[in-house]
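**Q** One structure is given below, represented as C-alpha cells, and several questions about it will come after.
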Amino acid sequence: MNRRSFLLSSLTAAAAPAFAGAQENPGVGVIFIGASWCSFCKSAAPVLAAMTQPAGIPVLVASHDARPIPPFAEVTDARTHPVAAQISEFPTTLIYSQAAGEITGQITGYRNARHYAQSVRAAVLAAAGRTG
C-alpha cells in the first residue's frame, strides 16, 4: 500500500464517524469547483470523496473544463453554473446548508490531505449545526 492509499484509508476511517450526524441531516451538501487539468484538484477530489461518500453527503462537481475530476465521473460545467462560474481559484469547496438556505462554508485551495480534510470536516459539521 502506498502512502497516498494509506492516508486516504485513514481519512475515510476517521471521517465517517465524524460525519455520522450529518448523514441524519440531508440538508448538507458540497460543491467542489475545479478543473481536470488542475493538480491540486486531482489531489483534493479523492480526499473529498473518501470523506463524503461513506456519510452519504451529496457532492456536486463543477468542472471549469467540463471534464471529470477523478474519482468523480459526473460533473456539471462550471462555466454555466450560477455560483461556480464566478470562482476562478481551484480547487474551491463550498458547503451548502439547506437549513440556512445558503452556502455556509468555503475552503479555497489545497495544502495537503490532512489540512483539507480537517477544513472540510469543520465546515460540514458547522453547516449541520454541530461542532467537531
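The values are calculated or read from the model by the stated rules, or taken from the named source; none is laboratory data. Just so it is clear, the model here is predicted, and its values are computed rather than measured. Here Cβ is always computed from backbone atoms with ideal geometry, including for glycine, and neighbour counts include all displayed protein chains. The protein model used for the area step is the full one, side chains on, heavy atoms only, and it has no ligands, DNA or RNA in it. Shrake-Rupley method; radii C 1.70, N 1.55, O 1.52, S 1.80 Å.
**Q** So ALA122 passes all but one of these: (1) in a helix (DSSP H, G or I); (2) in contact with a helix residue (DSSP H, G or I) (Cβ under 6 Å, 6 or more places away or on another chain). Which condition number does it fail?
**A** Just one mismatch for ALA122, condition (2).
**Q** Would it be correct to say that THR131 is modelled with pLDDT under 95 and open to solvent by 70 Å² or more (accessible area, probe 1.4 Å)?
**A** yes
**Q** Right, here's the next one. Restricting to the range 69-126, name every residue that is among the hydrophobic types (A, V, I, L, M, F, W, C) and free of Cβ contacts under 8 Å to residues at least 40 places away in the same chain.
**A** ILE69, ALA73, VAL75, ALA85, ALA100, ILE107, ALA122, ALA123, ALA126
**Q** From (1) farther than 21 Å from VAL28 by Cβ; (2) open to solvent by 10 Å² or more (accessible area, probe 1.4 Å), pick out the condition that doesn't hold for GLN118.
**A** GLN118 satisfies all of (1) farther than 21 Å from VAL28 by Cβ; (2) open to solvent by 10 Å² or more (accessible area, probe 1.4 Å) except (1).
Quick grid of which residues meet (1) β-branched (Val, Ile, Thr); (2) within 10 Å of GLY34 (Cβ to Cβ); (3) in contact with a helix residue (DSSP H, G or I) (Cβ under 9 Å, 6 or more places away or on another chain):
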position: THR52; (1), (2), (3): yes, no, yes
position: SER63; (1), (2), (3): no, yes, yes
position: ALA66; (1), (2), (3): no, no, yes
position: ALA73; (1), (2), (3): no, no, no
position: HIS81; (1), (2), (3): no, no, no
position: GLN86; (1), (2), (3): no, no, no
position: THR93; (1), (2), (3): yes, yes, yes
position: ILE107; (1), (2), (3): yes, no, yes
position: TYR110; (1), (2), (3): no, yes, yes
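**Q** Restricting to the range 89-132, name every residue that is among the acidic types (Asp, Glu) and closer than 22 Å to HIS64 by Cβ. So that I can check it myself, show each step before the final result.
**A** Pass one, the range 89-132, residues among the acidic types (Asp, Glu): 89, 102.
Matches in the range 89-132: GLU89 only.
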